[in-house]
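*Asks:* My questions will all concern the structure given below.
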Amino acid sequence: MKSNSLSGIVSCLSAYDPDALTVAHAQQIIHDYIEPITSSERVAIRSALDRVLAQDVISTIDVPAHDNSAMDGYALRGADLADVATLQLRLVGSVHAGHRFDGQVGSGECVRIMTGAVMPDGCDTVIPQELVDAADALTVSLSTSRVRSGDNRRRRGEDLQRGQAALSKGKVVRPADLGLLASLGLAEVVVQRRLRVAFFSTGDELRSVGEALAPGAVYDSNRYTLYGMLTRLGCEVIDMGVVGDDPAALETALRDAAANADAVITSGGVSVGEADYTKQTMAALGEMLFWKIGMRPGRPMAFGRVGMEGRQAYLFGLPGNPVAVMVSFYFIVRDALLRLSGANYAPLPRLRVRSQSAIRKKPGRTEYQRGIVSRQEDGEWTVRLTGAQGSGILRSMSDANCIIVLEHDQGEVRLNDQVEVVLFDGMV
Ligand code: AMP
Ligand code: MG
């Protein structure tokens with residue numbers, strides 16, 4: 001049964017061990033705990049691109065509204081094709097897209113027709129102009145073997161039928177959907193409001209771009225990768241900067257974030273060996289779980305909800321290493337935010353390709369290696385590692401075009417073994 005408390009959810013799991021959680025369990029707990037936002041807004045259809053539909057879109061018309069021609073050619077009665085090898089038809093008129101042919105078309109007659117033009121009464125078949133044997137202003141000759149009754153007729157409502165759900169609630173609107181909405185004549189559509197996601201980095205060693213780099217300091221890169229990933233996901237971002245390793249500052253930042261955002265992402269301060277105040281501070285502001293997930297990179301993670309003046313935000317406390325932040329985001333936080341946004345989502349598609357690298361792997365944790373998929377001369381797609389795979393080596397992400405996912409139970413990958421990859425970029 002679904003429970004709205006984290007303790008309730010984990011108590012339903014047969015084997016819950018926060019120090020040895022599988023990726024699948026972490027994903028399940030997060031999924032069960034998160035409730036989608038319910039506020040929506042009406043926007044012009046162009047503004048709906050990449051947004052989440054808040055309602056089913058029901059078609060109020062048939063698309064197309066009439067039977068029409070799929071080709072430039074001649075409309076005729078399919079019954080005329082029976083029992084003869086060749087036909088000579090009398091040309092009785094012509095019709096262009098956007099116009100109707102008003103007359104009746106009898107047996108032995110045809111009408112010159114353009115793509116998209118409404119089928120004349122009596123006609124059910126179109127022979128493309130390139131398939132007729134001869135045509136002049138009065139007659140058209142064709143061999144009946146080149147066309148069958150019903151060919152090249154687009155049926156009324158074959159794209160969308162009146163009363164049918166053209167698009168479902170929860171769909172993320174893509175370019176084809178914009179076109180579909182326009183084909184229904186809709187100017188506006190109701191979408192979920194955008195998620196507001198706040199994030200900040202923790203660590204005394206962090207400097208922001210533009211600041212001088214003192215000895216022992218590093219520039220904060222996590223806020224930039226998070227900005228990019230969240231923006232691509234369609235979220236409104238609230239960049240809260242760097243917070244030092246200080247309990248009071250962390251508490252202030254978390255309260256501030258909870259008051260203004262649907263979700264908060266922090267990086268750093270949750271690793272083993274970090275001062276315990278991070279966990280204490282987070283736990284004091286809401287309901288939190290602290291995990292060691294069987295994944296690499298990205299093992300430590302905090303998840304829960306923090307509150308402020310009646311407002312609550314889901315909190316994802318990610319480790320500090322730059323690659324761990326990105327991998328945790330793509331394989332855990334991304335789905336969580338999609339669920340929160342009300343989107344329907346499915347696991348990212350994976351492809352199986354041959355590995356050109358041997359990869360060390362122990363069963364018992366899921367590993368996310370950075371790879372480059374490329375096409376070999378013989379046409380086969382293969383993957384190779386980007387090089388050093390340390391969780392602090394952001395270059396490994398930048399050079400990659402995919403993540404190689406090595407599942408929990410999988411062992412060593414030998415040269416030329418098949419592995420699963422998730423590609424970074426898609427068609428749109
Ligand atoms: P932590 O999880 O806080 O122990 O950080 C682990 C490692 O990641 C340390 O080497 C940090 O300096 C580094 N790190 C933490 N946060 C960031 C950040 N925002 N940008 C770049 N490196 C970071
Ligand atoms: Mg730190």
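*Asks:* Given a cut-off of under 8 Å on Cα pairs at least six residues apart, what relative contact order in percent is computed for the chain?
*Replies:* Working: 958 pairs, mean separation 66.3, N = 428.
The normalised contact order for the chain reaches 15 percent.
*Asks:* P(r) of the range 351-423 in 5 Å steps, Cα pairs, percent per bin?
*Replies:* Going from the shortest bin to the longest, the percentages are 4, 18, 28, 27, 16, 5, 1, 0.
*Asks:* With the dipole of the chain worked out from charges on the C-beta (+1 for Lys and Arg, -1 for Asp and Glu) around the Cα centre, which of Val92, Ile29, Ser107 lies farthest toward the positive end?
*Replies:* Going by the Cα projections, it comes out as Ile29.
*Asks:* For the chain, with only Lys/Arg (+1) and Asp/Glu (-1) charged at the beta-carbon, what is the dipole magnitude about the Cα centre, in debye rounded to 20?
*Replies:* Dipole of the chain, to the nearest 20 debye: 280 debye.
*Asks:* Taking the Cβ-Cβ separation of Glu158 and Trp381 as r and a Förster radius of 56 Å, what is the calculated FRET efficiency to the nearest 0.05?
*Replies:* 0.95
*Asks:* Which of Tyr219, Gly170, Phe200 sits closest to the plus end of the dipole of the range 110-258, meaning its Cα is farthest towards the positive end, when Lys and Arg get +1 and Asp and Glu get -1 on the C-beta?
*Replies:* Gly170
*Asks:* Given a Förster radius of 25 Å and the C-beta distance between Ser149 and Ser94 as r, what FRET efficiency does 1/(1 + (r/R0)^6) yield to the nearest 0.05?
*Replies:* The formula returns an efficiency of 0.70 here.
*Asks:* Where does the charge balance sit around Arg360 when Lys and Arg score +1, Asp and Glu -1, over other residues with C-beta under 10 Å from its C-beta?
*Replies:* 0
*Asks:* Still on this structure, I have one more. What is the count of Lys pairs in the chain whose alpha carbons sit under 22 Å apart, if the two are 8 or more places apart or on different chains?
*Replies:* Pairs that pass both the separation and distance tests number 4.
*Asks:* Still on this structure, please answer the following. What does the charge count near Glu407 come to, summing +1 for each Lys or Arg and -1 for each Asp or Glu among other residues with Cβ under 9 Å from its Cβ?
*Replies:* Combined, the nearby Lys, Arg, Asp and Glu give -3.
*Asks:* Further question on the same structure: Along the charge dipole of the chain, which of Trp381, Ser145, Leu76 sits closest to the positive end, that is, farthest toward it, with unit charges on the beta carbon of Lys, Arg, Asp and Glu (+1, +1, -1, -1)?
*Replies:* Selected residue: Trp381.
*Asks:* Separate question: Quick one: compute the contact order of the range 68-154, relative version, from alpha carbon pairs under 8 angstrom and 6+ residues apart, as a percent.
*Replies:* 41 percent
*Asks:* Placing unit charges on C-beta atoms (Lys and Arg positive, Asp and Glu negative, everything else neutral), compute the dipole magnitude of the range 203-277 about its Cα centre in debye, rounded to 20.
*Replies:* 320 debye
*Asks:* Find the eigenvalues of the gyration tensor of the Cα atoms of the chain, then list the square roots of 5 times those eigenvalues as equivalent ellipsoid semi-axes, largest first, in whole angstrom. If you can, show how the numbers build up before the last one.
*Replies:* Numbers: eigenvalues 684, 144, 72 Å².
The three semi-axes for the chain are 58, 27, 19 Å.
*Asks:* By how many degrees, between 0 and 90 and to the nearest 10, does the Cα long axis of helix 23-33 differ from the longest principal axis of the chain?
*Replies:* Once rounded, one gets 80 degrees.
*Asks:* Could you tell me how far the Cα centroid of the range 211-244 sits from the Cα centroid of the range 41-57, in Å?
*Replies:* 29 Å
*Asks:* In nanometres, what is the gap between the two model label sites at Asp276 and Val84, each 7 Å from Cα along Cα-to-Cβ?
*Replies:* 9.6 nm
*Asks:* Here is a follow-up. With only Lys, Arg, Asp and Glu charged, each at its Cβ (+1 for the first two, -1 for the last two), find how big the charge dipole of the range 1-94 is about the Cα centre; round to the nearest 20 debye.
*Replies:* 280 debye
*Asks:* What are the radius of gyration and Dmax of the range 68-154, computed over its Cα atoms and given in Å?
*Replies:* 11.1, 34
A short reminder: the numbers here are calculations on the coordinates, not readings from a lab. Quick caveat, the model's predicted, so the values are computed rather than measured. Cβ atoms come from the backbone with ideal geometry, glycine included; neighbour counts cover every protein chain shown.
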